[in-house]
Amino acid sequence: MADRLIATPPPHLKAGNTVSEAMRDVIIALIPVSLASIYFYHYYAAFLLVLCMGTAAITEIVVRAALKKRHTLGDLSAVLTGLFVALLMSPGSPWWTAVLATILAVGVAKELMGGLGWNLFNPALFGSVATIILAPWFGFLSRDLSRLNVNFGPIDAISQATPRAMLMQGASLPDYGTMLLGFPGGALSETSPLLVIIGGAFLLYRGHINWRIPVAMIGTVAVLSLLAGGDVIYEMLTGGLMLGAFFMATDWVTSPINNKGKWVFGIAIGALVAVFRFGVGATEGVAFSILIMNAFVPLIERLTKHPSFSEPAPKPATEDA
Amino acid sequence: MALNDIKEGEGKSFVGGTHVPHYKSYTDSIAIERMAIPDEVVVHLSQHIGAPCEPLVAVGDTVMLGEKIADADAYITAPLHAPVSGEVTAIEERPNAEGGETMSIVIAAKGEQDAYQPSVERNPDDMSAEELKEAIRDAGLVGMGGAAFPTYVNINTDQPVDTLILNGAECEPFLTCDHRLMLERADELIKGAEILMRCIGAKKTYIAVETNKLDAIGVLDEKLGGRDDMEVVPLAVKYPQGYKSYLIKTITGRDVPRGARSAALGCIVRNVGTTFAAYEAVVYGKPLIERIISVTGPTVPDPGNYVVRVGTKAEHILSECGVDPDELDGAKVIFGGPMTGLAQDNLEVPIVKSTTGVLVLPPEMVREDMVYSDCVRCGLCVQRCPNWLYPNELSILAEHGVYGDLEDWDIWDCIECGVCAYVCPSNRPIVHFIKRAKPIVDEL
């Protein structure tokens, strides 16, 4: 008789999909826009990308070690979060804000919440938005650390106004084609909407993201921009809308599981983006909108829960009075 | 759509489920053969849902093939018959496929071992519905697709049930015994269906077959010759298409609420193997002493679809198919299909009436490392759950011992089909968590 028959519980077959494979595909999907950012911002972009990914990996190792857990670099989620943080940065951002944003993203928003799967907020968005809010409190850092700033020389692209600011101020933007293909001025990920969309299409094709959230979110912004009298195409092609719709709002952990919930979530984010852009006159609001709706996910889940297949049909109203 | 136009993969289906590679080519073109009779059989006294049987024989007794050896007074039960002629050598606890032990009658085969000789030759048309049901009860028939519910209890309805569904979906990968049965025993299967229709008063029979068995669909359709009361329904190839609630919903469109009785639904689902056994029980008085199983796997030297006596041990079945039990290190031997079947670590375990196959997964197909991580809420399990549950929530609550909340997430509706665990990118043993939690929730 065989000494060692394996008798683990069923199912004995497994589809090949893994978390790390999905994370790897998201990284692949972000390569085109990362290259575009390097094309426009040269060393500024490359430096931020390397810095954030490296910081993310180190943060995960250190925080998990402090929590007495094994590191999970193999699932690639930390490195991916670092990549996202870098892509959300403006090219001229001081290095310490990039580091702080990454530490908050991986260390606080992800690991202190219990690790991948338990976080309520999208870690990269949390890290970068928290840094924006906290930056004024850390004025001493920009003062004391400024001499450590790396200077890669002057580039026009990083000193010009962002396309969102230009749009808000009524300055004329290049034609639609140029805006779609690639135009610098914003965050690293905002250099080429086309390449972000191509990355999103790749994720849709690979089945990692559901089409409902990007469609609901972009569709809502389009409709509301039209109603508000904005230039719909420019509204689509400027700011973080495409990255937010395809990569951020579709984050598995921080978006609703149900199809119905995905519609609610996408529409609500789109509506908030429109409020930020047209209502309060902020130059950008995608990151805030997604973070706000992240907080509502548990509620959306509860309200959109579908009944079991075995749920008895509701009884028809009784005929007798 | 005309049946001869239908292509592989097409057909009706249900909402949910997933595509799993079939792995059926190892045995789907191999004709049914008889397997050599073993020297010893172990007949579990409880191999059906309901009351376990009491032995009617004692150690040292001589039994004849087909002789009733155990029965119970209860309504929900099924008698047992000697699968070989020989001598009762023990009545004791023996290992079962669930990893425990079951009281069993052990019979050593002695003397001439012939094929079963009909005890009667009856024409079902001359028999009343009551007589047909009696014959099915006396033969010890149970659901042979895996459920093992006594067939007599299932068909003994007081109100007529208008629809009979013959389950030939065989959605579990690897298994082909139902496929071969439909191809090679189509006439008997149709006669078996007529018998069951008379028992329950059905007006219509649907024979449900997944379209990865186009040859079986063709043969059955031809044999039916366009008759009004029976029809082949081609089904999409999707797991778990063969589960009875999803078959009823797919074919009749009727909802199957929890706890609904067959009579209330107006629909009974019977496995094709059971239907064939009903034919043999009624026409020849043949008890359920043997069944067709698929013995399969990529490394099995002589895979096939074999007629095997109930109570035959895995050891015998494997060696008859050329598998050396000493060379199974790191492999899995599974009773049933790979999605729901149970892996065995003891090859002394015998097959029972509802065992559909013996599958050998070589080490390279075995997922030995059961390392899993936290749920990342990808939603695949929710999307694919055929019962529209939230396996993610169930697995997290069960993993962390929050048993009180499991009923709110409909743990009792889970059919343990394994789809959630199959698609989980975090490799979470979701079904295992749910199965482990059920008895605890039951105690609450």
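The values are calculated or read from the model by the stated rules, or taken from the named source; none is laboratory data. Only a predicted model underlies this, so the values are computations on that prediction, with no experimental measurement involved. With ideal geometry, Cβ positions are generated from the backbone for all residues, glycine too; neighbour counts draw on all protein chains shown.
Annotations
- Residues of region B:393-420 that turn out to be away from every other protein chain (no Cβ under 12 Å), surrounded by fewer than 20 Cβ atoms within 10 Å (Cβ to Cβ) and either closer than 17 Å to B:GLY16 by Cα or of a type in the set (A, V, I, L, M, F, W, C) (or both), as a count: 1
- Strands (runs of 3 or more DSSP E) completely within region B:43-147 that count 1 or more residues being surrounded by fewer than 17 Cβ atoms within 10 Å (Cβ to Cβ) and modelled with pLDDT of 95 or more: B:86-95, B:101-109
- Residue match in region A:175-190 (condition: touching a Phe, Trp or Tyr at 6+ places or on another chain (Cβ under 6 Å), at negative phi and either exposed (fewer than 15 other Cβ atoms within 10 Å of the Cβ) or assigned to a loop (DSSP other than H, G, I, E, B) (or both)): yes
- The condition (being surrounded by fewer than 19 Cβ atoms within 10 Å (Cβ to Cβ), within 26 Å of A:ILE28 (Cβ to Cβ) and small (Gly, Ala, Ser)) is satisfied by just one residue among A:GLY117, A:GLY127, A:GLY74: A:GLY74.
- Residue that is farthest from A:ILE198 (Cα to Cα), among those in region A:14-55 that are of a type in the set (Ser, Thr, Tyr) and away from every other protein chain (no Cβ under 14 Å): A:THR55
- Taking the criterion of being more than 9 Å from chain A (Cβ to nearest Cβ), touching a residue at least 60 places away in the same chain (Cβ under 8 Å) and either in contact with a Pro (Cβ under 6 Å, 6 or more places away or on another chain) or part of a loop (DSSP other than H, G, I, E, B) (or both), the residues of region B:305-342 that qualify are B:ARG309, B:VAL310, B:GLY311, B:THR312, B:LYS313, B:HIS316.
- Residues being part of a helix (DSSP H, G or I) and surrounded by 17 or more Cβ atoms within 10 Å (Cβ to Cβ) - total across region B:421-437: 9
- Verdict on B:GLY266 being surrounded by fewer than 24 Cβ atoms within 10 Å (Cβ to Cβ) and either farther than 30 Å from B:LYS191 by Cα or not hydrophobic (A, V, I, L, M, F, W, C) (or both): yes
- Scanning region A:244-256 for residues that are more than 16 Å from A:LEU272 (Cβ to Cβ) and either modelled with pLDDT under 95 or within 10 Å of the chain's Cα centre (by Cα) (or both) turns up A:PHE246, A:PHE247, A:THR250, A:ASP251.
- All conditions but one from (1) of a type in the set (Ser, Thr, Tyr); (2) in contact with a strand residue (DSSP E or B) (Cβ under 9 Å, 6 or more places away or on another chain); (3) within 29 Å of B:MET64 (Cα to Cα) apply to B:SER119; the one that does not is (2).
- Restricting attention to region B:200-210, the residues that are surrounded by fewer than 20 Cβ atoms within 10 Å (Cβ to Cβ) and part of a loop (DSSP other than H, G, I, E, B) add up to 2.
- Of all residues in region B:398-444 being over 27 Å from the mean Cα position of the chain (by Cα) and among the small types (Gly, Ala, Ser), the one that is nearest to A:ASP75 (Cα to Cα): B:SER426
- Selected residue (criterion: nearest to the chain's Cα centre (by Cα)) from residues of region B:5-21 that are buried (at least 19 other Cβ atoms within 10 Å of the Cβ) and closer than 24 Å to B:ASN305 by Cβ: B:VAL20
- Single residue of region B:347-376 satisfying the filter (crowded, with 21+ Cβ neighbours inside 10 Å and within 12 Å of another protein chain (Cβ to nearest Cβ)) that is farthest from the chain's Cα centre (by Cα): B:VAL376
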